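See structure below.
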Amino acid sequence: MTETSSLPFSQACENNREPILTVLQSTFADRRHALEIGSGTGQHSVYFAPRLPHLIWQTSDLAENHAGIAVWHAAHPAPNLRLPLRFDLQSSSWPQTEDGAFDAVFSSNTAHIVAWPLVMRMFAQIGMHLPAGGKLALYGPFNYNGGYTSESNRAFDLWLRERDARSGIRHYEDIVALAEQHGLAPEHDHAMPANNRLLVFVRRGTTPRLRST
Ligand SMILES: C[S@@+](CC[C@H](N)C(=O)[O-])C[C@H]1O[C@@H](n2cnc3c(N)ncnc32)[C@H](O)[C@@H]1O
């Protein structure tokens, strides 16, 4: 993510938005209210919201990114697009809005950025608050069978870990185990360009668990 004046820009978002959208159009077809965790620049939200007009798209991120997201929203307004909520995986409780409960969650390129305990907290929160049948779509690079899927992912992982030892590409098997622990069943694992994946999970059960973290 780079920033020029007040408009942050991610080339990766421009490159991956269409293949992600294609999956979301079917995965979120019967959803009404999506929470995006770690909206970044806001580019995904302004592209997805008008193309998923049947649902409300709620952005969220750390407070430091809100101004940039708001600039993108002002440039590309949509009636179903919501300005960012402060949602910090380290400390925030699950966001509440006047639009009611969330029945879908989307997060892109966050699991390899935040520390593993925060990935754990993200899944715990999602598992606790998504209703049965609720969907989680998680985009990013993942390792399989203990190894990288490409040389570029290997180099990326080394770069991430040098920059922040708590970050790094996560293992698909660890993510699935974590999801299962919180009542989220793996539904699809979509191949995406540039050695990325879009993992889709569905909340099992009939009612969300009523406990808090
Ligand atoms: C690599 S960026 C991805 C942004 C965007 N989703 C994308 O795909 O371009 C990682 C995002 O995670 C967010 N993030 C980092 N730490 C976080 C935390 N503790 N809680 C919530 N979001 C966090 C950052 O602010 C940033 O927006």
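Read-outs: derived from the displayed coordinates by stated rules, not from any lab. What you see is a predicted model, and the numbers here were worked out from it, not measured in a lab. Cβ placement follows ideal geometry from the backbone for every residue including glycine, while neighbour counts extend to all protein chains displayed.
For the range 135-177, a tally of residues being without any contact (Cβ under 8 Å) to a residue 60 or more places away in the chain, assigned to a helix (DSSP H, G or I) and either aliphatic (A, V, I, L, M) or closer than 16 Å to Gly38 by Cβ (or both) returns 5. Of all residues in the range 13-24, which are crowded, with 17+ Cβ neighbours inside 10 Å and hydrophobic (A, V, I, L, M, F, W, C)? Result: Cys13, Ile20, Leu24. Say whether the condition of being farther than 22 Å from Leu198 by Cβ, within 11 Å of the ligand (Cβ to nearest atom) and either surrounded by fewer than 17 Cβ atoms within 10 Å (Cβ to Cβ) or not β-branched (Val, Ile, Thr) (or both) is met by at least one residue in the range 99-119. Checked the range 99-119: at least one residue is farther than 22 Å from Leu198 by Cβ, within 11 Å of the ligand (Cβ to nearest atom) and either surrounded by fewer than 17 Cβ atoms within 10 Å (Cβ to Cβ) or not β-branched (Val, Ile, Thr) (or both). Arg166 fulfils the conditions (1) of a type in the set (Lys, Arg); (2) surrounded by fewer than 20 Cβ atoms within 10 Å (Cβ to Cβ); (3) within 18 Å of Ser108 (Cβ to Cβ) except for a single criterion, (3). Of the set (1) within 15 Å of the ligand (Cβ to nearest atom); (2) within 29 Å of Ser167 (Cα to Cα); (3) under 17 Å from the mean Cα position of the chain (by Cα); (4) crowded, with 19+ Cβ neighbours inside 10 Å, all apply to Ser92 but (4). Checking the range 121-134 against the condition returns no match, with no residue being without any contact (Cβ under 8 Å) to a residue 40 or more places away in the chain and either assigned to a strand (DSSP E or B) or more than 22 Å from Ala29 (Cβ to Cβ) (or both).
Determine if the range 29-37 includes at least one residue that is within 14 Å of the ligand (Cβ to nearest atom) and farther than 18 Å from Leu199 by Cβ. No: zero hits. Checked against the criteria, Val176 counts as within 21 Å of Val23 (Cα to Cα) and surrounded by fewer than 18 Cβ atoms within 10 Å (Cβ to Cβ). So which of Trp57, Trp72 ends up being more than 15 Å from the chain's Cα centre (by Cα), within 14 Å of the ligand (Cβ to nearest atom) and either of a type in the set (Lys, Arg) or crowded, with 21+ Cβ neighbours inside 10 Å (or both)? Going through Trp57, Trp72 in turn, just one is more than 15 Å from the chain's Cα centre (by Cα), within 14 Å of the ligand (Cβ to nearest atom) and either of a type in the set (Lys, Arg) or crowded, with 21+ Cβ neighbours inside 10 Å (or both): Trp72. Per this entry, Ala185 is counted among residues that are surrounded by fewer than 17 Cβ atoms within 10 Å (Cβ to Cβ) and within 20 Å of Val23 (Cβ to Cβ).
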